[in-house]
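The next block holds one structure in the form of structure tokens; read it before the comments.
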Amino acid sequence: MKKALLIVLLVGMLGWTIYEFVLSENDTSRDEVMLDENTEEEEPEILEEETSGVPGKSEENEDVLQESEEQEESVVGLNVGDMAPDFHLTTLDGEEVALSDYRGSRVWINFWATWCPPCRAEMPDMEEFYKQNDVEILAINLTETEPSTNQVQRFVDEYGLTFPILLDEVIEVATAYKIQPIPTSFMLDSEGVIQFKSFGPLTYEQMEEVFADIE
């Protein structure tokens with residue numbers, strides 16, 4: 001009887017041990033499954049965060065590209081398509097002006113002198129062109145080559161010029177613009193970009209033809 005009871009106890013203990021082992025394995029498997037599920041749920045968040053950073057980088061690249069294009073567009077030079085070099089001069093009336101003051105307007109820059117026959121021939125047409133069009137004319141006189149500013153004033157009075165006469169007293173601007181023959185003209189659009197340049201005098205008709213193509 002005792003042996004039978006002992007056998008039952010041993011079998012019961014063995015069964016309980018097996019039951020605990022199986023239960024422990026199930027708990028472990030359940031924990032692993034839950035861990036895998038949590039990991040899968042977290043991965044999209046990480047992916048979303050990484051993806052959400054991409055548009056910001058794209059916008060940065062677009063900004064850099066735009067700045068680069070703007071820099072290319074604003075190259076300062078003397079060729080057609082370049083931004084005309086800025087300058088500061090005093091007018092015959094004593095007013096200080098800068099080329100950049102006229103941004104937003106179409107500007108005709110003309111280098112000239114009173115002793116220059118082609119300049120004398122061009123001036124009446126330039127005055128008529130100025131009167132007939134919405135344009136700013138900056139007539140830059142090579143004052144260092146003149147006997148005096150009085151000579152320039154007499155010339156202006158003789159021809160009845162009404163556009164600004166700028167005095168390049170030390171040929172600084174003429175040097176910056178690499179002026180050799182005169183008259184020399186530059187036509188700028190409203191953004192200050194050179195759209196046309198000419199060495200030698202222009203007639204009124206030629207000025208009108210050039211001006212019609214410039215905004």
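The values are calculated or read from the model by the stated rules, or taken from the named source; none is laboratory data. Here the structure is a predicted model, which means the values were calculated and not measured. With ligands, DNA and RNA removed, areas are computed over all heavy atoms of the protein, side chains included. Shrake-Rupley method; radii C 1.70, N 1.55, O 1.52, S 1.80 Å.
Using Stokes-Einstein with the Kirkwood hydrodynamic radius over Cα pairs, what translational diffusion coefficient do you get for the range 66-160 at 37 °C and a viscosity of 0.692 mPa s, in µm²/s rounded to a whole number? Mind dumping the intermediate values first?
Numbers: Rh = 15.3 Å.
The calculation lands on 214 µm²/s.
Average 1/r across all pairs of distinct alpha carbons in the range 162-215, invert it, and you get the Kirkwood radius: 12.7 Å. For the range 133-138, 3J(HN,Hα) computed residue by residue from phi via the Karplus equation (6.51, -1.76, 1.60; θ = phi - 60°) reads 9, 7, 9, 9, 10, 10 Hz, glycine and proline entered as x.
Could you order T90, T143 so the one with the most accessible surface comes first? Probe is 1.4 Å. Write out the running numbers ahead of the final one.
Working: T90 55, T143 15 Å².
Ranking T90, T143 by accessible area, largest first, yields T90, T143.
Measuring spread by the Cα atoms of the range 86-136 yields a radius of gyration and Dmax of 12.4, 33 Å. With the convex hull of its Cα atoms as the shape, the range 92-208 has an orientation-averaged projected area of 6.6 nm². When the Cα gyration tensor is reduced to axis lengths a ≥ b ≥ c, the ratio a/c is 1.5 or higher for the range 110-171, and with a/b above b/c it is classed as prolate.
Our coupling estimate for the range 199-215, obtained by passing each phi through the Karplus curve with A = 6.51, B = -1.76, C = 1.60 and θ = phi - 60°, is 10, x, x, 10, 8, 4, 4, 5, 4, 5, 5, 5, 5, 5, 9, 10, 9 Hz, Gly and Pro reported as x.
Using the 1.4 Å probe convention, the accessible area of the range 77-215 works out to 48 Å² per residue with neighbouring protein chains retained.
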